[in-house]
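The values are calculated or read from the model by the stated rules, or taken from the named source; none is laboratory data. These figures come from a predicted structure and were not determined experimentally. Counting neighbours? That spans all protein chains shown, and the Cβs are built from the backbone with ideal geometry, glycine included.
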Amino acid sequence: MVQHLLPGMKERGWGRIIFLGTVGATRPGPRMPNYYASKAVLPNVCVSLAKELAGNHPDLAKRGFVAMTFDGRYKFARYYAPSQFNTPRTLEEILAWNDLELFDLQDDPEERNNLALDPGRNKALILRMNALLNELMAREVGVNDGRFLPPAVRPKGSVCCEGAPTASPR
């Protein structure tokens, strides 16, 4: 099944593979040896697949927080690092500080085609949804700089950028 799905995921530059295992993979019981043997294979398949796809993984430097909005048709999400709160306004700022997801739930209800992977073609839509998200964030939390979080969980050393970044997001 995975080998069947991988070409399309690589072509889109996006996809998810989720494996569900059981403790029986490492601690088999006294009965059902065939069942436990099949479960023991799964961790090795995962490790092997991870090595095969090592160059095809997301940039996790921009992960930790997610802000999302939905306008009735499009679902837009910005993922960003806990130390890099931002309120981007231009496409360049959006892409510099965030990973994006943008799905047309009317034409793509299963969320298979991430429109944000082609920012040139979808610039106007990305900017419109980003503005909607910025407005929502301003209404709900004020300035998106992390001060809305309780002090105990507030990220230390946050760059808390507003608009254009003054330093590289990396």
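Give the residue, chosen from R112, R63, that is surrounded by fewer than 16 Cβ atoms within 10 Å (Cβ to Cβ), at pLDDT below 75 and out of contact with any Ser or Thr (no Cβ under 7 Å at 6 or more places or on another chain).
Numbers: R112 fails: at pLDDT below 75.
When all the criteria are applied, what remains is R63.
To keep it simple, each residue is scored yes or no on (1) over 30 Å from N98 (Cβ atoms); (2) out of contact with any strand residue (DSSP E or B) (no Cβ under 9 Å at 6 or more places or on another chain); (3) modelled with pLDDT of 70 or more.
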| position | (1), (2), (3) |
| --- | --- |
| R16 | no, yes, yes |
| T22 | yes, yes, no |
| A25 | yes, yes, no |
| R31 | yes, yes, yes |
| Y35 | yes, yes, yes |
| V45 | yes, yes, yes |
| S48 | yes, yes, yes |
| G55 | no, yes, no |
| P58 | no, no, no |
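Exactly one of (1) in contact with a Phe, Trp or Tyr (Cβ under 9 Å, 6 or more places away or on another chain); (2) touching a residue at least 24 places away in the same chain (Cβ under 8 Å); (3) of a type in the set (D, E, K, R) is unmet by R128. Its number?
Going through (1) in contact with a Phe, Trp or Tyr (Cβ under 9 Å, 6 or more places away or on another chain); (2) touching a residue at least 24 places away in the same chain (Cβ under 8 Å); (3) of a type in the set (D, E, K, R) one by one, R128 breaks only (2).
If a residue must be assigned to a loop (DSSP other than H, G, I, E, B) and more than 16 Å from M68 (Cβ to Cβ), how many such residues does segment 109-141 contain?
Just the residues of segment 109-141 that are assigned to a loop (DSSP other than H, G, I, E, B), to begin with: 109-114, 118-122.
Pick out the ones that are also more than 16 Å from M68 (Cβ to Cβ) and you get 109-110, 112-113, 118-122.
Of the residues in that region, 9 qualify.
Hey, does segment 90-105 have a residue that's farther than 29 Å from V143 by Cβ, modelled with pLDDT of 90 or more and assigned to a loop (DSSP other than H, G, I, E, B)? If you could, list the steps in order and put the result at the bottom.
At the first step, the residues of segment 90-105 found to be farther than 29 Å from V143 by Cβ are 104-105.
Keeping just the survivors that are modelled with pLDDT of 90 or more gives 104-105.
Within this subset, residues satisfying the condition of being assigned to a loop (DSSP other than H, G, I, E, B) are 105.
Yes, because at least one residue in segment 90-105 is farther than 29 Å from V143 by Cβ, modelled with pLDDT of 90 or more and assigned to a loop (DSSP other than H, G, I, E, B).
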